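The values are calculated or read from the model by the stated rules, or taken from the named source; none is laboratory data. As the structure is a prediction and not an experimental result, all values here were calculated from the model. Note: ideal-geometry Cβ built from the backbone for every residue, glycine included; neighbour counts use all protein chains shown.
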Amino acid sequence: MTGLEGDQKVIAAHGCYAMTATTALTAQNTQGVSAIHHVPSDFVVKQIDACIGDIGVDVIKIGMLASAETADAVADALRRHGSPTTVLDPVMVSTSGAQLLPNDAVLNLRTQLLPLTTILTPNIPEARLLLKNAELEAPETKSLDDIVNIAQALQSLGPRYVLVKGGHLPLTKDGQISTKDADHHTVVDVLYDGRQALVYETDYQSSKNTHAAIASNIVLSTNPGLSNSIPNAVANACHYIEAGIRTSFSLGHGNGPINHFHSLSIRASPLESNLREWVYEKVGFEERMKEAGERG
């Protein structure tokens, strides 16, 4: 599943309406990305104009931009239309560690889009790539303090807020970077606004189903109609993702998706399903439904 599909599921699950401007088509599954087809930047602009010119937007979420030309085109469109709350998830590094975005595109994203961004949401590898592109030092990540330092360095590049996602570096009980699976205890996300750092802690969960959509959940929580502050929006998003991972089920042979619709329904356990079938049998539920249908 692509990020675009995941974003739309998150938005639909929260009762909001999503519109899309596709920047790239990918051939991918839970095991990785095998091919990327870039959408021409002028066509990306036509999609943006079509969405904003008709229904309009309250919040914009930007994901993979694919090329330097597309990064420039999106930045120009934001300036032209007037940039509302903008959440930028800089999709630049694959799960295996391969760089997905060429260096010239990283440069344009950094120089053109970061100054227009309300909240930037990189993971650790993406944060390092952005700092390297800006010729800034990325401290070694050995503790929570190092993640805070990375967030501070990124915020100096222009975004109003930076949320560094710590899923790649779970911590031990004493707050150090965990190097052994058995020591994984906590996952931290760090939000920095230029003045203070807020740390969001969630319990580490051993799961392959971590293809998340925290950025799109922040988009929903920052919708003007919900009157949420950025810190509250991030807290809501972290709780949503934690529950999505906890209630997920395995699909494919690699890193699967979270359960995007966990807030809408609760899947019955085998015990619950068997109990329901037993109750239906005892009260003659199916026969009564059949009789009611015949009378209707």
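Structure notes:
Each row is one residue, and each column tells you yes or no for (1) part of a helix (DSSP H, G or I); (2) at pLDDT 95 or above; (3) crowded, with 21+ Cβ neighbours inside 10 Å.
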{"site": "Leu131", "(1), (2), (3)": "yes, yes, no"}
{"site": "Ala138", "(1), (2), (3)": "no, no, no"}
{"site": "Leu154", "(1), (2), (3)": "yes, yes, yes"}
{"site": "Gly158", "(1), (2), (3)": "no, yes, no"}
{"site": "Val162", "(1), (2), (3)": "no, yes, yes"}
{"site": "Ala182", "(1), (2), (3)": "yes, no, no"}
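- Here the stretch 223-264 is the region considered, the condition is being within 17 Å of Leu163 (Cβ to Cβ) and among the aliphatic types (A, V, I, L, M), and the residue that is modelled with the lowest pLDDT is Ile241.
- Identification of strands (runs of 3 or more DSSP E) wholly contained in the stretch 1-115 with 1 or more residues that are in contact with a helix residue (DSSP H, G or I) (Cβ under 6 Å, 6 or more places away or on another chain) and modelled with pLDDT of 90 or more yields 59-62, 85-88.
- The number of residues in the stretch 13-52 that are among the β-branched types (Val, Ile, Thr) and under 19 Å from Ser94 (Cα atoms) comes to 6.
- Residues that are within 18 Å of the chain's Cα centre (by Cα) and in a helix (DSSP H, G or I), drawn from the stretch 116-127: Ile124, Pro125, Glu126, Ala127
For every residue, the table says whether it meets (1) without any contact (Cβ under 8 Å) to a residue 40 or more places away in the chain; (2) among the β-branched types (Val, Ile, Thr); (3) in the same structural domain as Tyr161 (by TED's automatic domain parsing); (4) surrounded by fewer than 20 Cβ atoms within 10 Å (Cβ to Cβ).
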site	(1), (2), (3), (4)
Thr22	yes, yes, yes, yes
His38	yes, no, yes, yes
Val57	yes, yes, yes, yes
Met64	no, no, yes, no
Ala68	no, no, yes, yes
Asp72	no, no, yes, yes
Arg79	yes, no, yes, yes
Val93	yes, yes, yes, no
Leu101	yes, no, yes, no
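- Residue match in the stretch 73-92 (condition: of a type in the set (S, T, N, Q) and within 19 Å of Asn123 (Cα to Cα)): yes
- The combined condition, being free of Cβ contacts under 8 Å to residues at least 24 places away in the same chain and more than 16 Å from Asp189 (Cβ to Cβ), is not fulfilled by Leu109.
- Within the stretch 184-196, the set of residues being modelled with pLDDT of 75 or more and either out of contact with any Asp or Glu (no Cβ under 8 Å at 6 or more places or on another chain) or in a loop (DSSP other than H, G, I, E, B) (or both) comprises Asp189, Val190, Leu191, Tyr192, Asp193, Gly194, Arg195, Gln196.
- Criterion (modelled with pLDDT under 95, closer than 17 Å to Gly194 by Cα and not hydroxyl-bearing (Ser, Thr, Tyr)) met by exactly one of Asp174, Asp146: Asp146
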